[in-house]
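The values are calculated or read from the model by the stated rules, or taken from the named source; none is laboratory data. Owing to the predicted nature of the structure, the values given are computational and were not obtained by experimental measurement. Here the Cβ is made from the backbone with ideal geometry for all residues, glycine too, and neighbour counts use every protein chain on show. Note: areas computed on protein heavy atoms with side chains; ligands, DNA, RNA excluded. Shrake-Rupley method; radii C 1.70, N 1.55, O 1.52, S 1.80 Å.
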Amino acid sequence: MVIADRHPMVLQGLSSLLGAEGDFEVVASCSDAASCVQAIERLAPDIAILDSTMPELIALSSSVLNPADRSIRLAFFMPSEDYDLLLPDALDGCSVVLKETLSEVLVQSLRQIARGERILPQPSIDQATPAGHGVTSDSALAMLTDRERQIMRLVSEGLSNKQIGRRLNIADGTIKVHLHHVFQKLEISNRTALAALAISQNDRGTPVKSTESE
């Protein structure tokens, strides 16, 4: 497996997580597109996890890294707001794993990719929830703080992290931390599932309450 990400902490985190799994071996960690392509050409890994913020790799996914011409499976690692902006055929043939995904779901997804399946984020709660978990209960929703409820509501309105940060006057990084806690409490894996849950609560007549002043 080859990993490419321009952020050292992401590279270190992925390497540690996947290195602890007996069925994965990270043969190269690359911080730029050129070294990633070289590693893929030299090492011929089964899977390459690619940083979506490296436009060179997205462009090369349909040519040099064309999965139709080789056995390598490509998986782009990206935040959900970036995935929402992609055209349907932008990453034709490649898989996508969201950066908000829980670690156990990430590992499970990569195993599916290794078996030849193409993985893309799914909109429904059932599909986006880790195996073994059902629809989130009201008791789990009750565990959310007021701030987490605010963020959940704004996610359901389609706002990005930056837009939520401006609305609530808090940093993007703080939004990501809150979302991580929300995903853990509700046992879901991404913001698409979170938005669907918030909308379903409204449809049931139990809207996600917020103390935010409009």
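Descriptive notes on the structure:
- Scanning segment 12-27 for residues that are farther than 21 Å from Gln112 by Cα and either surrounded by 16 or more Cβ atoms within 10 Å (Cβ to Cβ) or in contact (Cβ under 8 Å) with a residue 60 or more places away in the chain (or both) gives no hits.
- Residue list for segment 160-170, filter: open to solvent by 60 Å² or more (accessible area, probe 1.4 Å) and over 17 Å from Tyr83 (Cα atoms): Arg166, Arg167, Asn169
- Filter result for Arg73 (of a type outside the set (Ser, Thr, Tyr), open to solvent by 50 Å² or more (accessible area, probe 1.4 Å), over 28 Å from Gln184 (Cβ atoms) and at pLDDT 75 or above): yes
- Of all the numbered requirements in (1) modelled with pLDDT of 75 or more; (2) closer than 25 Å to Gly158 by Cβ, Ala48 misses one, and that requirement is (2).
- Count - residues of segment 9-42 that are closer than 17 Å to Leu74 by Cβ, part of a loop (DSSP other than H, G, I, E, B) and out of contact with any helix residue (DSSP H, G or I) (no Cβ under 9 Å at 6 or more places or on another chain): 0
- Subset of segment 91-117 (residues that are surrounded by 15 or more Cβ atoms within 10 Å (Cβ to Cβ) and at pLDDT below 85): Leu91, Cys94, Lys99, Glu100, Thr101, Leu102, Val105
Residue-wise test of (1) modelled with pLDDT of 80 or more; (2) in a helix (DSSP H, G or I).
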position: Lys185; (1), (2): yes, yes
position: Gln201; (1), (2): no, yes
position: Pro207; (1), (2): no, no
position: Ser213; (1), (2): no, no
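- Inter-residue pairs, beta-carbon under 7 Å, first in contact (Cβ under 8 Å) with a residue 40 or more places away in the chain and open to solvent by less than 10 Å² (accessible area, probe 1.4 Å) and in segment 31-53, second among the acidic types (Asp, Glu) and part of a loop (DSSP other than H, G, I, E, B), 6+ apart: Asp51/Asp5
- Residue selected from segment 136-155 under the condition open to solvent by 30 Å² or more (accessible area, probe 1.4 Å) and assigned to a helix (DSSP H, G or I), by the criterion farthest from Ile119 (Cα to Cα): Asp146
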